[in-house]
Amino acid sequence: MPVSDKRGRARFVDCGRAFSDRLPHFVPQLRSEQLELIDPAKNPFFGHGRAQFFIATRGGRDVGRISAHIDDLALAMPAEQGFGPGTGFFGYFDASDEAVAHALLAAADAWLRAEGMQRMMGPISLSIWEEPGLLVRGQDHAPMIMMGHHPAAYAGWIESAGLGRAQTLFTYELDISKEFPPLVQRIVKSGERNARINVRQVDKSRWDDEVAIVLGILNDAWSDNWGFVPFTPAEVAYAGKKLRPIIFEELNMIAEVDGKPVAFMLTFPDINMVLAKIRGKLFPFGWFHLLRWLRHPKGAGMRVPLMGVVKELHNSRLASQLAFMMISAIRNEAHGTFGSTRGEIGWILEDNQGMVAIADTIESHINREYAIYAKPIA
């Protein structure tokens, strides 16, 4: 059944939370944050997108959920970049069995068809910048911040409904207590001797300016990537407000060449570490543990969710050098200042040869695999 009002959205969120609670290694998120993400009055995604949420019931019990949504910015992208005209999405997918899964996917298909779409793709919940993909490998350990976690059975149910894999995303794990290989160290030292290059920490006292710099580089650097959708100023402001408490200057870098910002790398301490402890609940005492952790997340895992180098430097030695310099600076701070031993990079597109090469060179390894599926709408 479709839901749209405040009460229905709350039921939709609680349905998903009930599924997650039964999943090994899942980390419950804050319910208030989950409600906000699907609220058209609060999430700026709805400034360029629209969605319909569905809940499946059986015998008076909620047995699954799904969203069907359309992103006008994705519709405007070239088809060869993955989305484009006629592409709608599904997300927030949970089901108790294969029959429920097929019914939910059919409901999303019907809604998208009625809206004029010719193809359904997902799961993407709701934006490519939020939680893209279905976890198909890596269920044996907990996800890091802002990464989805799904039962292994979901992939087979989606595929048996006629969807095929459109894209594969990887995350890479590395031991940041170890020095990087000698080759990387030589590249970093060479860059440090280059007077044209300056790798600096993000300055939170100039927050709005720094956010604008990162947005400019991001929208340029990623503009030719599969699945790219422009990050709007409203979304940047929203994300900046949400993420600011976990932005530590030592862990976020901007690289400049001849005084011009040309690259960035963001790193978030893994807040899932404390959310697991408080079971995603702020009350009665969760807020105390969360605030204490935010003051100094000692020993937390570190995730690099985003990095970018301006297009004019793509496929150049300088681009790789800047990436290694930022990674090295962040590794030193993460391990030396915060006592972290585990890092994660991603997600990374399977066919992003440059990033895959960097991940391989620093001796990281794939620890989680996500799939995005697609099918024509009948």
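The values are calculated or read from the model by the stated rules, or taken from the named source; none is laboratory data. Since we're looking at a predicted model, the values are computed, not measured. For neighbour counting, all protein chains shown are included, and Cβ atoms are generated from backbone atoms with ideal geometry for every residue, glycine included.
Somewhere in the stretch 4-22, is a residue closer than 17 Å to residue 112 by Cβ and not in a helix (DSSP H, G or I)? Yes; the residues of the stretch 4-22 include at least one that is closer than 17 Å to residue 112 by Cβ and not in a helix (DSSP H, G or I).
Scanning the stretch 176-195 for residues that are under 27 Å from the mean Cα position of the chain (by Cα) and either farther than 22 Å from residue 343 by Cα or surrounded by 13 or more Cβ atoms within 10 Å (Cβ to Cβ) (or both) gives 176, 177, 180, 184. Residue pairs whose Cβ atoms lie under 6 Å apart, sitting 6 or more positions apart in sequence or on different chains, and linking a residue in the stretch 95-111 that is assigned by TED's automatic domain parsing to the domain that holds residue 18 and closer than 15 Å to residue 3 by Cβ to a partner that is aromatic (Phe, Trp, Tyr) and surrounded by 14 or more Cβ atoms within 10 Å (Cβ to Cβ), are 107/54; 108/90.
Select from the stretch 17-62 the residues that are touching a strand residue (DSSP E or B) at 6+ places or on another chain (Cβ under 7 Å) and among the hydrophobic types (A, V, I, L, M, F, W, C) and write down the one among them that is modelled with the lowest pLDDT. Ranking the qualifying residues of the stretch 17-62, first place goes to 19. Determine whether residue 121 is over 28 Å from residue 363 (Cα atoms) and crowded, with 21+ Cβ neighbours inside 10 Å. So residue 121 fits the description; yes. Considering the stretch 68-94 alone, what residues qualify as being within 13 Å of residue 158 (Cβ to Cβ) and touching a residue at least 40 places away in the same chain (Cβ under 8 Å)? 91, 93, 94 - these are the residues of the stretch 68-94 that are within 13 Å of residue 158 (Cβ to Cβ) and touching a residue at least 40 places away in the same chain (Cβ under 8 Å). Of the residues in the stretch 48-69, not one is part of a helix (DSSP H, G or I) and either within 24 Å of the chain's Cα centre (by Cα) or not assigned by TED's automatic domain parsing to the domain that holds residue 145 (or both). Would you be able to say whether some residue in the stretch 41-53 is touching a Phe, Trp or Tyr at 6+ places or on another chain (Cβ under 9 Å) and free of Cβ contacts under 8 Å to residues at least 24 places away in the same chain? Yes, that holds for at least one residue. Restricting attention to the stretch 300-319, the residues that are over 22 Å from the mean Cα position of the chain (by Cα) and in a loop (DSSP other than H, G, I, E, B) total 3.
Considering only the stretch 202-245, state which residues are out of contact with any helix residue (DSSP H, G or I) (no Cβ under 8 Å at 6 or more places or on another chain) and part of a loop (DSSP other than H, G, I, E, B). Residue satisfying the conditions is 222 alone. If you check residue 358 against the conditions, is it outside any helix (DSSP H, G or I) and β-branched (Val, Ile, Thr)? No; evaluated as a whole, the condition is false for this residue. Within the stretch 310-333, the presence of a residue that is touching a Pro at 6+ places or on another chain (Cβ under 6 Å) and closer than 29 Å to residue 224 by Cα is excluded. Note on the stretch 168-201: residues that are not hydroxyl-bearing (Ser, Thr, Tyr) and not in a strand (DSSP E or B) total 19. Evaluated against (1) under 24 Å from residue 46 (Cβ atoms); (2) assigned to a loop (DSSP other than H, G, I, E, B), residue 297 falls short on exactly one condition, (1). For the stretch 264-272, the condition holds for at least one residue, the condition being that it is touching a helix residue (DSSP H, G or I) at 6+ places or on another chain (Cβ under 7 Å) and either free of Cβ contacts under 8 Å to residues at least 12 places away in the same chain or among the polar types (S, T, N, Q) (or both). Name the residue that is nearest to the chain's Cα centre (by Cα), counting only residues in the stretch 324-346 that are closer than 19 Å to residue 139 by Cβ and crowded, with 22+ Cβ neighbours inside 10 Å. Selected residue: 346.
With respect to the stated conditions, residue 130 is surrounded by fewer than 19 Cβ atoms within 10 Å (Cβ to Cβ), within 20 Å of residue 9 (Cβ to Cβ), within 24 Å of the chain's Cα centre (by Cα) and not aromatic (Phe, Trp, Tyr). Of all residues assigned to the stretch 326-333, none qualifies as being assigned by TED's automatic domain parsing to the domain that holds residue 300 and outside any helix (DSSP H, G or I).
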